[in-house]
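The values are calculated or read from the model by the stated rules, or taken from the named source; none is laboratory data. Because the structure is a prediction, the values reported are computed rather than measured. Cβ placement follows ideal geometry from the backbone for every residue including glycine, while neighbour counts extend to all protein chains displayed.
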């Protein structure tokens, strides 16, 4: 909480601990099917309105994946890729620069080279620079593609392209076919008309039943179908391996892109199976990361991908060109992977420092908007780094419980670029579409999905954009009360503070967006505490409840140089997760505190 806020606003913005609403019918069904009370509680708190079978969610399996033939344009895309392979064409691989895009790139490239036998010399990696090029099939990327010698006759996109019709039209006019594979929401006019094929599960005419899969999964399905076509044509032997080995990359991209891990059998299956592949540690990228994190980090979990691997890969593209991240993921040996990982690690440390400064400035700029109770926060940081906008927006959402857009100057003169993050009650992409309808001149470029989006705004249209966006958000929220809150799964008894309870919860994994890791609440006595971490912002504590004492850690609990808002001997109301703490081969239960407040103050 920002201590500079006025007292009345400070009180209004104090997070509330709320019990998750429970799907009672699902709770009863889960108990009847043999799940424990705790497991039933966790499921029923995450799957509102879910009426499907439980097994695809509680026992993730690749048998629940739908056939890629059900993707609109899937067969057409696969046949064009297969034709390029057979005819020896030069192929461009054009992907986004984030983790989803990088992992998509790895899937496509490894499939073409290792399974389809395409020589490296016929492939061109095309990844935009976040700051200089911008998102998607940007004009600089088009220019770079057209200057290639020899020029590719086919470009395969992944995690981008659905909103890039003008640039695709330019490539088509130059004789280059573009196969789009993407998962972002399509513009209202539909798939890009100039694309040879557009594989995107969000298409209105698409029969694929899961619209929430990540871009890397769309790429994996498309390349899987291309393999089938090549086998049908006799261009590949039937014994050619399938693409299941690349699901390790799909797992990373799926977790890092924050797509739904709730009522999505496909996402749950690929993350679960992918983690099993990762933990074989057969690829240099996984081994080098395990070495960096320490032997106690293995086996990796979805949280490892989300909070350790994902940020390091993203950090590179946030601050510089993304190719070091691609080279890291493709590294053939440990020494190469370690060298590239060091670059990613250095960037991640720089990103954290930049983020801290930007968050502090953004919080100060958000206060007047909070005082006037705006339904969303629109913050312009005139000296902010464009690569860290999304993270700062996420911090604002967490702190203040309302959607947030963070804008910074763009590389193009007279333009701002921005990233937004949303809350459960608001579909951000739809709010931006409504903003465009209200003021098209103020929003010449935007894209994204329900929870996250990017925008381009002319500097001289900022206030027009702000007014239209706030109107669009207000219309969609329609009076929903906005406040920071922490949803919990209730309390645990002292007897449940054991590793066996954590095992119960881990059996329901993987956890992620729309299937949050279990979070509990309870009252504890503070027996000891000390600040830890390089900057002293983390708090290590010993907490007790009844006869049970537990080690606890609260990350980012403190502002440097400040003391906690409680003392030894105080009683705290905490929101916490259970964590398996590994140290020198020994395991113990630890609490990961997410929020704490003294009781009676």
Could we say that residue 84 is part of a helix (DSSP H, G or I) and in the same structural domain as residue 191 (by TED's automatic domain parsing) here? yes
Failed item, numbered, when residue 523 is tested on (1) modelled with pLDDT of 95 or more; (2) more than 28 Å from the chain's Cα centre (by Cα); (3) surrounded by 15 or more Cβ atoms within 10 Å (Cβ to Cβ); (4) more than 30 Å from residue 58 (Cβ to Cβ): (3)
Considering only the range 6-26, I want to know if a residue exists there that is more than 30 Å from residue 375 (Cβ to Cβ), touching a helix residue (DSSP H, G or I) at 6+ places or on another chain (Cβ under 8 Å) and surrounded by 18 or more Cβ atoms within 10 Å (Cβ to Cβ). yes
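With the requirement that a residue be under 19 Å from residue 13 (Cβ atoms) and either touching a helix residue (DSSP H, G or I) at 6+ places or on another chain (Cβ under 8 Å) or assigned to a loop (DSSP other than H, G, I, E, B) (or both), what does the range 588-601 give you? Explain how you work it out, then say what you get.
First, pick out the residues of the range 588-601 that are under 19 Å from residue 13 (Cβ atoms): 594-598, 601.
If the condition is that a residue be under 19 Å from residue 13 (Cβ atoms) and either touching a helix residue (DSSP H, G or I) at 6+ places or on another chain (Cβ under 8 Å) or assigned to a loop (DSSP other than H, G, I, E, B) (or both), then 601 is the only one that fits.
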Selection count, the range 489-516, where residues are more than 23 Å from residue 588 (Cβ to Cβ) and in contact with a strand residue (DSSP E or B) (Cβ under 7 Å, 6 or more places away or on another chain): 1
The listed residue being touching a residue at least 12 places away in the same chain (Cβ under 8 Å) and either touching a helix residue (DSSP H, G or I) at 6+ places or on another chain (Cβ under 6 Å) or not assigned by TED's automatic domain parsing to the domain that holds residue 455 (or both), out of 231, 255: 255
Restricting attention to the range 435-454, the residues that are crowded, with 16+ Cβ neighbours inside 10 Å and at pLDDT 95 or above number exactly 6
Segments classed as helices (runs of 4 or more DSSP H), wholly inside the range 299-417, with at least 3 members that are more than 16 Å from residue 97 (Cα to Cα) and either in contact (Cβ under 8 Å) with a residue 24 or more places away in the chain or not assigned by TED's automatic domain parsing to the domain that holds residue 463 (or both): 334-371, 389-400
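Just for the range 551-587: of the residues that are assigned to a strand (DSSP E or B) and exposed (fewer than 13 other Cβ atoms within 10 Å of the Cβ), which one is modelled with the lowest pLDDT? Before the answer, list the steps.
Restricting attention to the range 551-587, the residues satisfying the condition of being assigned to a strand (DSSP E or B) are 551-554, 571-583, 586-587.
Filter once more, so that each one left must be exposed (fewer than 13 other Cβ atoms within 10 Å of the Cβ): 583, 586-587.
Details: 583: 78, 586: 84, 587: 88.
Applying the filter and picking the extreme gives 583.
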Can you name the number of the only condition in (1) surrounded by fewer than 18 Cβ atoms within 10 Å (Cβ to Cβ); (2) in contact (Cβ under 8 Å) with a residue 60 or more places away in the chain; (3) part of a helix (DSSP H, G or I) that residue 475 fails? (2)
